[in-house]
Amino acid sequence: MKKLITLVVASIVMVLLISGLTVGCGFVLTGSGNLKTKEYAFSDFNRVEVSSAFEFEISRSSSYSISITADDNVIEKVQVTKEGDTLKIGLETIPRLGSLTLKAVITMPQLRGLAISGASRGTISDFSSADDVDIKLSGASKIEGTLLLVMWILI
C-alpha cells in the first residue's frame, strides 16, 4: 500500500513538472501598450526586407531615415541590420506573438527591391525607376502603393 501511494504521488509530481515545462514552452510575447520609438542611422541601401508582422511605410526622399515604434517591452527584440545594399527589419526568434505594435517608417532615395514576409503589411510611395524592381511577398503579407516604372526607348 505504501508503494502504491508513493507511485501515485510520484506520478502526480511528474505530470505537474511536465505541464509546467510545456506551459513554459508556449510563451507568448504580448505588448505592454507603452510605445517607444528608436531611430537607426543606416544609409546606402536600396533594398528592404521586412518580416515578423511589421506595419511599414516606405517613401522616397533624398535622405535616409529609419524609425521603429514598438511596445517598450518589445523594442529591444527588434532587429534592424544592413547587409550589402539591403536593410533588414524583423524580430528575434519568438515562438508566439500576442497583441503588440511593430511599426517601421523608412525613407530612402531609390527602391530596387522589397521582400515582405511574416504577415507584414504596409505602403510604398513616391518611387519611380527606369531599372527592374524586385518585389516579393510571402505568407499573409500585403503591400499597397504606387511605383512608376519608366521605360526608355532608344531610336
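The values are calculated or read from the model by the stated rules, or taken from the named source; none is laboratory data. None of the values given here were measured: they were computed from a predicted structure. Positions of Cβ are backbone-derived with ideal geometry, glycine not excepted, and every protein chain shown enters the neighbour counts. Just so you know, the surface numbers come from the protein's heavy atoms only, side chains and all, with ligands and any DNA or RNA stripped out. Shrake-Rupley method; radii C 1.70, N 1.55, O 1.52, S 1.80 Å.
Simple spin-label model, 7 Å along Cα-to-Cβ: ALA119 to THR146 in nm?
3.2
Taking LYS88 as the anchor, which aspartates and glutamates have their alpha carbon closer than 18 Å to its alpha carbon, excluding any fewer than eight residues away along the same chain?
GLU39, ASP44, GLU49, GLU55, GLU57, GLU76, ASP134
Given the whole protein assembly as supplied and a 1.4 Å probe, what does the accessible area of TYR40 come to in Å², nearest 10?
My reading of the accessible area for TYR40 is about 40 Å².
Where in the range 78-102 does the amide nitrogen come within less than 16 Å of the point 7 Å from the Cα of LYS38, taken along Cα to Cβ?
Zone members listed by number: 78-82, 88-94, 101-102.
Figure the gain on full extension for LYS136 and SER62 (residue separation times 0.36 nm, minus the Cα-Cα span) and round it to one decimal in nm. Before the final figure, lay out each step's value.
Values: separation 74, 0.36 × 74 = 26.64 nm, distance 2.45 nm.
Taking LYS136 through SER62 to full extension adds about 24.2 nm, to one decimal.
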